[in-house]
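Below you'll find the structure, written out as C-alpha cells, and then a few comments.
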Amino acid sequence: MQATFAGGCFWCTEAVFAELRGVARVLPGYMGGSVDGPTYEQVCTGQTGHAEVIQIEFDESVIDFTQLLKVFFGTHNPTTLNCQGADVGTQYRSVVFFHSEDQREQARQVIDELTRDQVFDGPIVTTLERAASFFAAEDYHHDYFARNPNQGYCAAVVAPKVQEFREQFASWRRDSS
C-alpha cells in the first residue's frame, strides 16, 4: 500500500516514518504543483505549487492507514497554514494526498475525531487532496537526517521531533517488541 503526506520539511517527516514497523520505504519528494519534474530550488520559491511530501510504502498487515494518519497528525502542527515552525511557505503546508476514496474517508474521520476531542488549540487546516504526480526529491535529500544528524537544522529541528515521536509512538517503532 501507499500513503503520501505533506507535513512540513520532508527531512522531518521521512525521519519519523522511517522508524515505523510495517513501513517498507519512505521517499521524499514533491506533489501538488504545476511544474513537471521540479527541483528543490524551484519548490523552495513557493512558485511551483508543490508541497514537500513523503511517499510511504507500507504493509497493511502490520500497520494500517489510520495508524499512519495518527503518526502524521501527532508529529506536526496541522493548525498552522503554510508553515511548520520556522519553515514558512506553501511548500510546507499540511496535506493528506489520498490514493483512494477509502483513504480520503479515513483521513476525514481522523480529522473529525481530533476536532471533536479538541486535541489541538486551533482548527485543523490540513487539506485532503487526490494524489497527483509524485516527483522524487534529489538523492541528497534521501535519508537526510540519518546521514546528517549533526547538521544544524537536523540537530535543532529534526532530532527533537524524532525524539518526541519515539516517546509518543514507542510501541509502533521497528525496534520495539
Report the full-extension gain for the segment Arg147 to Val35: residue separation times 0.36 nm, less the Cα-Cα distance, to one decimal in nm.
37.4 nm
Listed with the fewest Cβ neighbours within 10 Å leading, Cys83, Cys154, Cys12 appear as Cys83, Cys154, Cys12
Putting +1 on Lys and Arg Cβ atoms and -1 on Asp and Glu Cβ atoms, find which of Ala156, Thr13, Leu114 reaches farthest to the positive end of the dipole of region 2-172.
Ala156
Would you calculate the separation in nanometres between label points at Thr115 and Ala156, each defined as 7 Å from the Cα along the Cα-to-beta-carbon direction?
3.5
Modelled FRET efficiency - R0 25 Å, Thr79 with Arg104, Cβ distances, 0.05 increments
0.75
Ranked Leu81, Leu114, criterion: other C-beta atoms within 10 Å, fewest first
Leu81, Leu114
Counting other C-beta atoms within 10 Å, which of Tyr144, Tyr153 has the fewest, and how do the rest follow?
Tyr153, Tyr144
Rg to Rh for region 48-124: what is it, with Cα atoms only and Rh by Kirkwood?
0.96
May I have the extent of the alpha carbons of region 1-73 along their three principal axes, as whole Å values ordered from largest to smallest?
39, 19, 17
At 222 nm, what value in deg cm²/dmol follows for the chain if DSSP H runs of at least 4 each add -39500 (n - 2.57) and the sum is divided by all its residues, to the nearest 500?
-8500 deg cm²/dmol
Rule-of-thumb check for region 42-177: C-alpha Rg over 2.2 N^0.38 Å?
1.09
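FYI, it's all coordinate maths here, none of it is from the lab. Since the model is a prediction, treat every value here as computed from it, not as a measurement. A quick note on method: Cβ atoms are made from the backbone with ideal geometry, for glycine too, and the neighbour counts reach across all protein chains shown.
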